[in-house]
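First the structure, in the form of structure tokens, and then the observations on it.
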Amino acid sequence: MLDITVWIAGGFLALFFLAAGVPKVAGKGIDRWVGFDQIPRGLTVLIGFSEIAAATALIVPLLINELEWTTPLAALGIGVISLMASGFHLRNREWLATLETVLWASLAGSIAAARWDELSTGPSIPKGVLVPMLLVLVPATITNLVFLTRATTPKKLDDRRGLAPAAN
């Protein structure tokens, strides 16, 4: 039962991110989404390619019984992309979109956890590479959270006119 449920959830997630990635790469229909005018076109295309690659890696390796270890990594990648999108929506005070992207990240994380045993068939990362990588990623993540927190702090409003106070 669990395997069927994970297949359905993975298929649903893959279809969503395939449908989200293709317009970003093609550049058509993207005007429906808020905020992409604030992002450089190259970054939008990179995000789209990442979404398409992850959607493909969620399903295809398990269907062809090759490179199955990429499936949990693809789910983690989708989770990261979704959490980055959450930060974007949070910064713009788009609460419903923030909740939606957090839910996509949660679904992706659940799929990664369910498929985690597939990683045992893949290559391992040597400890000599993993430790320096973590020493860079952990402070970078903390720095990112600090900047995100500062970016989402509400501005003080002038009570009389509802305007931001003038700079002196």
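Figures for the structure shown
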read-out	value
Extreme residue, surrounded by the most Cβ atoms within 10 Å (Cβ to Cβ), among residues of the stretch 69-101 that are under 9 Å from the mean Cα position of the chain (by Cα) and among the β-branched types (Val, Ile, Thr)	78
Hits in the stretch 68-113 (condition: among the charged types (D, E, K, R) and in contact with a helix residue (DSSP H, G or I) (Cβ under 9 Å, 6 or more places away or on another chain))	68, 91, 94, 100
Cβ-Cβ under 7 Å pairs, at least 6 apart or on other chains, the stretch 121-146 side under 21 Å from residue 69 (Cβ atoms), far side of a type outside the set (A, V, I, L, M) and modelled with pLDDT of 70 or more	121/68; 121/69; 122/69
Tabulated pairs, the stretch 88-117, first without any contact (Cβ under 8 Å) to a residue 60 or more places away in the chain, second open to solvent by 60 Å² or more (accessible area, probe 1.4 Å) and part of a helix (DSSP H, G or I), C-beta under 7 angstrom, 6+ apart or interchain	105/83; 112/76
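The values are calculated or read from the model by the stated rules, or taken from the named source; none is laboratory data. Here the structure is a predicted model, which is why all the values come from computation and not from measurement. Ideal geometry is used to build each Cβ from the backbone, glycine not excepted, and the neighbour counts take in all protein chains shown. Heads up: the accessible areas ignore ligands, DNA and RNA and are worked out on the full protein's heavy atoms, side chains in. Shrake-Rupley method; radii C 1.70, N 1.55, O 1.52, S 1.80 Å.
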